[in-house]
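The values are calculated or read from the model by the stated rules, or taken from the named source; none is laboratory data. Treat the numbers as computed from the prediction; the structure is a model and nothing was measured. Using ideal geometry, Cβ is built from the backbone for each residue, glycine included, and neighbour counts are taken over all protein chains shown. Side chains included, ligands, DNA and RNA excluded: accessible areas come from the protein's heavy atoms. Shrake-Rupley method; radii C 1.70, N 1.55, O 1.52, S 1.80 Å.
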Amino acid sequence: GPGARMTLVVWRHPRPIGAAGRCIGRTDLRVDPRRVKRLARRILMHARRHSMPREVWTSPLARCACVGRCLKRFGFIHHTSTDLLELDFGAWDGLSWDDVGREALQAWEQDFLHHAPGGGESLAQLSLRVERFVAAHARSTCLVVGHGGWINAWRWQQARPPAPATAALWPAPPLYGQRVGPL
């Protein structure tokens, strides 16, 4: 109805294979199929328990989309959206954090919100994508499988604190497979 509000329930994707110690944004990593199926079953049970639509939105990256494809086998409609992609780390993407280097990380820290790490995308740009997705689904119930950075940007917007001036103010990402929301 006219007063309907968005209900957004987001799960972070399962732990990707080969991500430990690396800067991972758009690098498309695989996920253990057993973890995919486990998360898909948890989402299915949550949707049943709360009478939610059998429809899920995911990033097109494999670590999220594989959960959507599994849910499709359970009768869900699966959509992908580039607005749900993880932060683009540009030239840093896929490198070990040691290879990114302290100097490059300090440059990001000096302008945490607007600096585009690795020449990719700034947190301000990521926040615009989050806003666009939320606005497009403002009057619906959405189940989402997303990335840690996207989820943090969404949670930050929901809490409405001042923009994060430093990395120390940016929250830790949710655990792999963790549900966040509704807020």
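Return a yes/no flag: does segment 92-114 have any residue that is among the basic types (K, R) and farther than 27 Å from L71 by Cβ. Break it down into steps so the answer makes sense when it comes.
First, the residues of segment 92-114 that are among the basic types (K, R): 102.
With farther than 27 Å from L71 by Cβ added as a condition, the list becomes 102.
So far as segment 92-114 goes, yes, one or more of its residues are among the basic types (K, R) and farther than 27 Å from L71 by Cβ.
Per-residue answers, yes or no, for (1) surrounded by 14 or more Cβ atoms within 10 Å (Cβ to Cβ); (2) at pLDDT below 95; (3) touching a Ser or Thr at 6+ places or on another chain (Cβ under 9 Å); (4) not in a helix (DSSP H, G or I):
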{"site": "G75", "(1), (2), (3), (4)": "no, no, no, yes"}
{"site": "H78", "(1), (2), (3), (4)": "yes, no, yes, yes"}
{"site": "L87", "(1), (2), (3), (4)": "yes, no, yes, yes"}
{"site": "D98", "(1), (2), (3), (4)": "no, no, no, no"}
{"site": "Q125", "(1), (2), (3), (4)": "yes, no, no, no"}
{"site": "A163", "(1), (2), (3), (4)": "no, yes, yes, yes"}
{"site": "P171", "(1), (2), (3), (4)": "no, yes, no, yes"}
{"site": "L175", "(1), (2), (3), (4)": "no, no, no, yes"}
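Given the conditions (1) touching a residue at least 12 places away in the same chain (Cβ under 8 Å); (2) in a loop (DSSP other than H, G, I, E, B); (3) open to solvent by less than 60 Å² (accessible area, probe 1.4 Å); (4) not polar (S, T, N, Q), report the number of the one that G149 does not fulfil.
(2)
All but one of (1) in contact with a strand residue (DSSP E or B) (Cβ under 9 Å, 6 or more places away or on another chain); (2) without any contact (Cβ under 8 Å) to a residue 40 or more places away in the chain; (3) assigned to a loop (DSSP other than H, G, I, E, B) hold for G94, so report the exception by its number.
(2)
Which of the residues that make up segment 129-148 are at pLDDT below 95 and closer than 22 Å to A40 by Cα?
H137, S140, T141, C142
Name, by its number, the condition in (1) at pLDDT 95 or above; (2) within 30 Å of M52 (Cβ to Cβ); (3) in a loop (DSSP other than H, G, I, E, B) that does not hold for G68.
(3)
A91 versus (1) within 26 Å of R139 (Cα to Cα); (2) open to solvent by 60 Å² or more (accessible area, probe 1.4 Å); (3) aliphatic (A, V, I, L, M): which is the lone unmet condition?
Result: A91 passes all but (1).
Restrict the check to segment 5-18 and report whether at least one residue is open to solvent by 20 Å² or more (accessible area, probe 1.4 Å) and within 17 Å of P173 (Cα to Cα).
Yes.
For segment 45-71, how many residues meet the condition of being open to solvent by 10 Å² or more (accessible area, probe 1.4 Å), among the aliphatic types (A, V, I, L, M) and within 19 Å of the chain's Cα centre (by Cα)?
Counting residues in segment 45-71 that are open to solvent by 10 Å² or more (accessible area, probe 1.4 Å), among the aliphatic types (A, V, I, L, M) and within 19 Å of the chain's Cα centre (by Cα) gives 2.
If P117 satisfies every condition in (1) open to solvent by 20 Å² or more (accessible area, probe 1.4 Å); (2) out of contact with any Lys or Arg (no Cβ under 8 Å at 6 or more places or on another chain) but one, which is the exception?
Unmet condition: (1).
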